[in-house]
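What follows is a single structure, written as structure tokens, with notes after it.
The values are calculated or read from the model by the stated rules, or taken from the named source; none is laboratory data. None of the values given here were measured: they were computed from a predicted structure. Note that each Cβ is placed from the backbone with ideal geometry, even for glycine, and that neighbours are counted across all protein chains shown. Please note that ligands, DNA and RNA were not included when accessible areas were found on the heavy atoms of the full protein model with its side chains. Shrake-Rupley method; radii C 1.70, N 1.55, O 1.52, S 1.80 Å.
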Amino acid sequence: MKLRRMFLLVALLLVVLLVSACGSAPTPTPKPTLPPPTLPPTPVPPTATPIPPTPTPLPPTPTPVPPQATTKQQVNVRQGPGTTFAIAGKMPANTAAAIVGKSEDGKWFQVAFPDAAHPAWVPGEFVTVTGKIDQLPVVAVAPPPTATRGTVVAAATKTPVATPTQAFPPARGSLGFIVYDNAQNSYLLYTLGIEPRNYSASRLMGPAPFDLARNTNAAPFTMAPNSARVAFVFSTGAIRDTLRVTHPSNPDIWVDVYSHQGISSPTFSPDGKTIAYVGLDKAGVDFGMQFIYTIPADGGTSQRLFPSNQPEQQQRAGEVYRGVAWGKTHLLFASNLTGQFEIWRLNSDGSGPMQLTKDKRENISPAWSPDGKTYAYTSKQADGTYQIMVANAFDGSAPRKLTNAGHNFTPTWSPDGNWIAFMSNRGGKMDVWVMNKNGGNVQQLTDKFAGQGQAPGGWR
């Protein structure tokens, strides 16, 4: 009974399950939902930028060419516009450099030499300028400090200002100089009228005046400071020379005031009554002992004033003089007593010798300024050239160089003291030139003269 009931219950359960399986459809398994595909963005056309119209091309503006300076010869360039400024170097001949400025007076140019970062100054007279210079800026440079011997001067710190240009009246008067004339086999003493320019031969001097034969670079003649008299040396080439002086009232007449061996560089006293000269004391020999002599301008007895220091044994030339000049209060002369030619000062009576230059260079042919405060002379430089110098007359201090081109000799002062004449070969041959007392405004005086002008020795 129990077993039957169990079978019946199992059968009923099976019927129920079968009915459930056949009566409803199975529920499908849902598929996973995928995101929509990502499409590339639709390209957006760029916004067009308006293009301005192309302008009509204009012709290019020409770049102005800076003016240039080309040297006529080798020249010293300086740190400022003047010979009182230190030398910054040497600019060779035929060298061109751009001009970047000019001095207030227009006589000096600042050039890009050795380069634009280190410009220097060159005097206008020694360069050929190409291009326009009227628009060049004026460059102001502070003047160099004036140093006294033994004093250290600090560099200036104030703002540079333009240096005023000193104005000088034009050079005037008559200047004497020497020319050799082949046709007459003689040196001629010429007179040059500066304004207007004219030349006239006035005196035969013979073939061998001592200064010219011995190359002392001193002048073998002199002009009186207070009259029309001229004293000059005439030499035939014999042992003895003749000192001739023109007549006070007639310059075409001369008087032979003395005959002497080896007369050199005659010079008038300030009152014009006496002449000093260098002469040799031994007649009949090639070279005697030199003295500074004086003699009355009208003739008379010569007086030995100051001797050279020459040994008795003639084994060497001993001391030699090269030029003597009589100033307001003293005499100047050149001597090689200390080994090289130096400038010495001497009282008018021959006492109190004092050495003025001591640089062991060859310093010769001294010339007093008319006011007696300074003197000019020729000095051999370290580069071998001869240049004109000036220095204080009292002690030879503050020497400064006035020339810087070629070889220059025999300075001679104008009567007003504003100009110095000298001979120079800067133009290719020896000629007479002139400059102001500061070394500026250099001009050639014998540029229209056919011969070779030299040894200016008198100006009035």
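With both labels modelled 7 Å from their Cα along Cα-to-Cβ, the Asp271 to Asn94 distance reads 6.0 nm. Rounded to the nearest 20, the Cβ-based charge dipole of region 327-388 about its Cα centre (Lys and Arg +1, Asp and Glu -1) stands at 80 debye. Using the Cβ-Cβ distance between Val138 and Gln381 with R0 set to 25 Å, the FRET efficiency from 1/(1 + (r/R0)^6) comes to roughly 0.20. The C-alpha atoms of region 76-123 occupy a region whose extents along the principal axes are 23, 21, 19 Å, arranged from largest to smallest. Distance between the pseudo-spin-label points of Ser397 and Thr130 (7 Å out from Cα toward the beta carbon): 4.9 nm.
In this structure, the amide hydrogen of Gly101, modeled 1.01 Å from its nitrogen in the peptide plane, lies closer than 5 angstrom to those of Gln110, counting only residues at least 5 positions away or on a different chain.
Give me Rg over Rh for region 353-460, both radii from the alpha carbons and Rh done the Kirkwood way, two decimal places. Across region 353-460, the Cα-based Rg/Rh ratio is 0.96. For Ser186, the residues whose amide H sits under 5 Å from its own are Asp181, ignoring neighbours fewer than 5 places away on the same chain, with H placed 1.01 Å from N.
Between Ala238 and Gln184, the FRET efficiency from the beta-carbon distance, with R0 = 25 Å, is close to 0.90.
The slack between Ser202 and Glu104, meaning 0.36 nm per residue of separation minus the straight C-alpha distance, is 31.0 nm. Here region 192-283 is assigned +1 on the Cβ of each Lys and Arg and -1 on the Cβ of each Asp and Glu. Its dipole about the Cα centre then comes out at about 100 debye. In region 166-303, the alpha-carbon atoms span a convex hull of 138 Å³ per residue. Structure note, pairs Lys273/Lys328; Lys107/Lys373; Lys273/Lys373: Cα-Cα distances above 18 angstrom occur for Lys107/Lys373; Lys273/Lys373. On full extension, the segment bounded by Lys328 and Asn425 gains 31.8 nm, given 0.36 nm per residue less the C-alpha separation. Amide H contacts under 5 Å for Gln74: Ala93, restricted to partners 5 or more places along the chain or on a different chain, H placed in the peptide plane at 1.01 Å from N. When nucleic acids and ligands are ignored and a 1.4 Å probe is applied, Arg345 ends up with an accessible area of around 40 Å². Evaluated at q = 0.16, 0.24, 0.27 Å⁻¹, a Debye calculation over the C-alpha positions of region 230-296 (equal weights, vacuum) places log10 I(q)/I(0) at -0.52, -1.04, -1.23.
Taking chymotrypsin sites (Phe, Trp or Tyr not before Pro) across region 371-437, the ones in a DSSP loop with at most 16 further Cβ atoms lying within 10 angstrom of their Cβ are Phe394.
Solvent-accessible area of Ile99, probe 1.4 Å, all protein chains present, reported in Å² to the nearest ten, please. Ignoring ligands and nucleic acids, Ile99 comes out at about 10 Å². Kirkwood-type hydrodynamic radius, region 299-418: 15.0 Å, calculated from all non-identical alpha-carbon pairs.
A Cβ-based charge dipole, computed about the Cα centre of region 339-460 with Lys and Arg at +1 and Asp and Glu at -1, lands at about 180 debye.
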